[in-house]
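To start, the structure itself, in structure tokens.
Rule-based calculations on the coordinates, nothing more; no lab input. Note that the structure is a prediction, hence the values are computed from the model and not measured. Glycine also receives a Cβ, built like all others from the backbone with ideal geometry; neighbour counts cover every protein chain displayed.
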Amino acid sequence: MRIRYSAEKDGKPVKKAMVYTQDEHGIDWSALDPKAVYIVERLQANGYETYIVGGAVRDLILGKSPKDFDIVSAACPTRIKKLFRNARIIGHRFRLVHVRFGDQIFEVSTFRSLKDGLTSNTFGTIEEDVLRRDFTLNALFYDPLKQLVVDYVGGLPDIRKKRIRPIIPLKTIFSDDPVRMIRALKYAATTGFTLPLGLRWQIQRQAPLLGNISPSRLTEELFKIIHSSAAAQIVEKLLAFGVYAFLQPHAAHLMKQQADFRIRYLARLQRISQEGFQPAPGEALAALLQDYLEGCTPWDSDLPDQYKNTFMAARRFVLPMNPPRMELDQAIRLLYKAHGISIKKPRLSEWGRRSGYGSLGTGVEQPKLPAGDAPASKHPQGPSRKRRSPTERDHGMP
């Protein structure tokens, strides 16, 4: 194990980070994506400090196969783009670079500064960037060429001790970004790590802050959950902390009132997240909808009108989640197919023009929640709301 030092203003060296060798961190180099290594190698060859960062490093240390490889560099976005012809700059508040290889996209960000606080979007140093990240297990930097892990915040010992420890102070970590509550519980469910008492208490106390999060951002988080390999476990953890009511209030209410609905709902999520199972397009979303629609859809009624009503009922049931029309359409057609009904793809674009897409007078019974069960949102809901770019998420984690 090595120690990384930096100089203070008076010139005295101060310990900044622990640096772990391959024998100490145990990452299997063969588990890396060669394209991610190539990006790091090219940036380093041009003089820019560059690492694989975040959840990918955590998963590699745990012996898992990362789903994504995020990269962080001292290079600014315009310089990164010049080095990769297959790259484009995205984002407005904080610019990032997507480097594309076929259907695969690698996100490359620039170190962020603390100059204007934890929410600033100015470029900075690695020492500042690490303090912008959420939890220590997601704040490790891995150099695949030297096979070294750089740890500024004690993340590797926390992984060894199986604990989730925040980097940002407890009094501000969730008020700055309430979505971190969802992520903390997701990590606890997928790793089996423990949440400290203070962190658990703060999540339960500040869960209502999620009512202020935009539907597009909640949609992004829920899609990550239902397409993960531990969807049922994550939802159970969110339910236990009262957080799922802010992602899926109708479903959370029904699970609270009906034990059999809860069992079926979680069982369907468990099935689609089985290792090696590849859900068809729309199938993960169909798992959220099936039990509700089974109870309110007359499958043998006049198909054109009923299909439209079913679509609208499904849209309202998953609020504040706002899935793409096409994916919701695919999910509903799968449910019709399960009843032996094959239907042509509806012309969804005409529905809004003909009947007013925002007024959902479907004739299908909608879930009614008692006061307090479904948190009110300050954001307008509706299918036409533009989805926020995934690049505007908090990049302190995958």
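A compact globular protein would have a Cα radius of gyration near 2.2 N^0.38 Å; the ratio found for the stretch 262-321 is 1.24.
With a/c under 1.5 counting as rounded, go ahead and sort the stretch 206-254 into rounded, prolate or oblate using the C-alpha gyration tensor (a ≥ b ≥ c being the square roots of the eigenvalues; past the cut-off, prolate if a/b is larger than b/c, else oblate). The partial results should precede the final answer.
On the way: a/c = 1.73, a/b = 1.17, b/c = 1.48.
Since a/c reaches 1.5 but b/c is at least a/b, the shape of the stretch 206-254 is classed as oblate.
Between Asp68 and Asp28, the simple spin-label model (points 7 angstrom out along Cα→Cβ) gives 2.4 nm.
Rounded, prolate or oblate for the stretch 14-168? Axes are the square roots of the Cα gyration tensor eigenvalues, ordered a ≥ b ≥ c, and the cut-off for rounded is a/c under 1.5. Let's see the in-between values first.
Working: a/c = 1.70, a/b = 1.18, b/c = 1.44.
It is oblate, given that a/c is not under 1.5 and a/b is not larger than b/c.
Subtracting the Cα-Cα distance of Ile263 and Lys35 from 0.36 nm times their residue separation leaves 77.9 nm of extension gain. If you plug the beta carbon distance of Ala45 and Arg316 into 1/(1 + (r/R0)^6) with R0 = 45 Å, you get a FRET efficiency near 0.25.
Which net charge results when you count Lys and Arg as +1 and Asp and Glu as -1 among the other residues whose beta-carbon is under 9 Å from that of Lys186? Computed value for this residue: +2.
Multiplying the residue separation of Gln204 and Glu327 by 0.36 nm and removing their Cα-Cα distance gives an extension gain of 41.1 nm. With the highest mean first, a sort of the peptides 168-180, 62-74 on other beta-carbon atoms found within 10 angstrom per residue produces 62-74, 168-180.
Subtract the Cα-Cα distance of Ser175 and Gln270 from 0.36 nm times their separation in residues, and report this length gain in nm to one decimal.
Working: separation 95, 0.36 × 95 = 34.20 nm, distance 3.17 nm.
Result: 31.0 nm gained on full extension.
Peptides 143-152, 285-294, ordered by how many other C-beta atoms sit within 10 Å of their residues on average, highest first, read 285-294, 143-152.
Can you give the FRET efficiency for Phe101 and Leu131, using 1/(1 + (r/R0)^6), R0 = 30 Å, r = Cβ-Cβ distance, to the nearest 0.05? Could you put the intermediate results ahead of the total?
Details: r = 31 Å, r/R0 = 1.05.
Result of the calculation: an efficiency of 0.45.
Quick one: which of Lys64/Lys308; Lys171/Lys256; Lys162/Lys224; Lys15/Lys224 span more than 32 angstrom between C-alpha atoms? Where the Cα-Cα span goes over 32 Å, the pairs concerned are Lys64/Lys308; Lys15/Lys224. Highest average first, the peptides 134-141, 15-22, 305-312 ordered by how many other beta carbon atoms sit within 10 Å of their residues are 134-141, 305-312, 15-22.
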